[in-house]
1. Being within 14 Å of ligand 2 (Cβ to nearest atom), buried (at least 18 other Cβ atoms within 10 Å of the Cβ) and not in a helix (DSSP H, G or I) is true for just one of LEU337, LEU306. Which residue is that?
2. If ILE16 meets every condition in (1) more than 13 Å from SER74 (Cα to Cα); (2) in a strand (DSSP E or B); (3) at pLDDT 90 or above apart from one, which number is that one?
3. Does VAL361 satisfy the criteria of being among the β-branched types (Val, Ile, Thr), surrounded by 18 or more Cβ atoms within 10 Å (Cβ to Cβ), free of Cβ contacts under 8 Å to residues at least 40 places away in the same chain and farther than 15 Å from GLY383 by Cβ?
4. If a residue must be surrounded by fewer than 21 Cβ atoms within 10 Å (Cβ to Cβ) and closer than 13 Å to SER354 by Cβ, how many such residues does region 324-334 contain?
5. Of all residues in region 348-380, how many are within 16 Å of ligand 1 (Cβ to nearest atom) and out of contact with any strand residue (DSSP E or B) (no Cβ under 7 Å at 6 or more places or on another chain)?
6. Take the residues of region 32-90 that are in a strand (DSSP E or B) and of a type in the set (Gly, Ala, Ser): which is surrounded by the fewest Cβ atoms within 10 Å (Cβ to Cβ)?
7. When you go through ALA248, ALA229 one by one, which is the residue that is aliphatic (A, V, I, L, M) and more than 19 Å from the chain's Cα centre (by Cα)?
8. Kindly indicate whether LYS355 is farther than 26 Å from HIS298 by Cβ, in the same structural domain as ALA188 (by TED's automatic domain parsing) and surrounded by fewer than 18 Cβ atoms within 10 Å (Cβ to Cβ).
Amino acid sequence: MKYQLHKESHIRRIKIGESIFDEGDQGDFAYIIEEGEVEIWTTVNDQRLVLNILGVGSMFGELALVDKQPRSASAIAKTDTILTLVTKEQVNRRVEEADPILRMLLLMVMRYFRSETNLFRGLKVNQSSNSFCLDKQKQTELSKGISGAVDLIRMESDLRTAMYQEQFKLFYQPIINLVTDKVEGFEALIRWQHPEKGLISPDLFIPLAESTSMIIPIGQWVILEGLRALQRIKEVSGQELYLSFNIASRQIEDSNFLKWLTVSVKKAHIHPHQIKLEILERTLFDNERTLSWVYNCHQRGFLVVLDDFGTGYSSLQYLNDCNLDTLKIDKSFVQKLDEKSNSKSIFQAILNLSKALGISVVAEGVETQKQLEILKEMNCSFGQGYFFAKPFPLNEAIAFLSSY
Ligand code: C2E
Ligand code: CA
Ligand code: CA
């Protein structure tokens, strides 16, 4: 037992000369000095080498918590000392929740810091020994870490530039009523028209935008552009079709989003029921706020679509709990319809259940006549996919509308 546990478990009182941790120990806590002094030391050539003496307000021991390596030095109380304990969970939760670029940089800097200390110590111990030196594997990891973080930073600033230089384009893919054969609405799908790399798929940049705050301005741009498209469609065709937007979980967490959307929709003279918001199954599960968010959407007159149904948890319970308006059955499922598999029976069961709950179903990724026939046979009401049309720019979407 290295220290006495105080009745307040986040505080430790340590007597002068007592060890707090030893080199090589696993790091369970970091410490903040509330009173007293702590000496950080190591052994070089069997001699005690003091690395630092820390006073009130200093934090120590945090390195081993974050990078999960054993302690690289020992700590001892130089006077009677009171420490506040910082737990692994307290630190790691924050590191995990941090912006991924920041997290990567932090780990990199820590690794670098350790390697430098070890290198310095290694050279002192024995010039010919490389036991403490930055070995090849560490060097590779470090440079991988650096280039990974640099790539992310570069891509993020590219996204920022794309935003200012108006390199984003919004494409529209029609959603067809399989009973009336009419276009009911469109899904808005973003593209990045990169000056050198050409048209970049959202699968390649949306995840990065989502992991940074860039998804907020990008998401707003998508909606404003989409609202203009709805106005244009009305002007040209006289129809008040709906537009379905993909919403990332960061947008759901953004408490201003629905207010902002309501104002923007009103300003554009669009009816809220022309706006559908597509969320993913995992967003429903990962975010406690989603249920009340869906409720708020309905209060404001927007409709909510559960996207990619069938790829995740596919719990039928939440279909009922969440009061969703539409279920979008994932393309991987639709594409198995014309194979000899159970997909058809499962699909039929989902259709029946949705019907009973008053939820409409869109089959996504319809690519063949055969798939369409099966969907019609099963009384699926809506379809979307290359068989009808690929996502295209607004002028082509309008042309499609008038020719369909
Ligand atoms: P998603 O929401 O599942 O969108 C449907 C994807 O399927 C689109 O890919 C669409 O082009 C593609 N698709 C449509 N019909 C077919 C078909 O018949 N066969 C096949 N194989 N694919 C078809 P896209 O446009 O590359 O978008 C990929 C994903 O990026 C979207 O998946 C969505 O999750 C995300 N995304 C797109 N735009 C936005 C946006 O504005 N905001 C957010 N947060 N995410 C977006
Ligand atoms: Ca979607
Ligand atoms: Ca989808």
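1. Values: LEU337 fails: within 14 Å of ligand 2 (Cβ to nearest atom).
Answer to the check: LEU306.
2. ILE16 satisfies every listed condition except (2).
3. Values: among the β-branched types (Val, Ile, Thr): yes; surrounded by 18 or more Cβ atoms within 10 Å (Cβ to Cβ): yes; free of Cβ contacts under 8 Å to residues at least 40 places away in the same chain: yes; farther than 15 Å from GLY383 by Cβ: no.
Answer is no for this residue.
4. Looking only at that region, the number is 1.
5. From region 348-380, those within 16 Å of ligand 1 (Cβ to nearest atom) are 361-375, 380; that's our starting set.
Checking the rest, the ones that are also out of contact with any strand residue (DSSP E or B) (no Cβ under 7 Å at 6 or more places or on another chain) come to 365, 367-371, 373-374.
Of the residues in region 348-380, 8 are within 16 Å of ligand 1 (Cβ to nearest atom) and out of contact with any strand residue (DSSP E or B) (no Cβ under 7 Å at 6 or more places or on another chain).
6. Of region 32-90, the ones in a strand (DSSP E or B) are 32-35, 38-44, 47-54, 59-60, 74-77, 81-87.
This time we only want the ones that are of a type in the set (Gly, Ala, Ser), so: 74-75, 77.
Numbers: SER74: 19, ALA75: 26, ALA77: 24.
Here the residue is SER74.
7. Values: ALA248 fails: more than 19 Å from the chain's Cα centre (by Cα).
Within the list ALA248, ALA229, the selection yields ALA229.
8. So LYS355 fails the test.
The values are calculated or read from the model by the stated rules, or taken from the named source; none is laboratory data. Computed from a predicted model, the values in this text were never measured in an experiment. Glycine also receives a Cβ, built like all others from the backbone with ideal geometry; neighbour counts cover every protein chain displayed.
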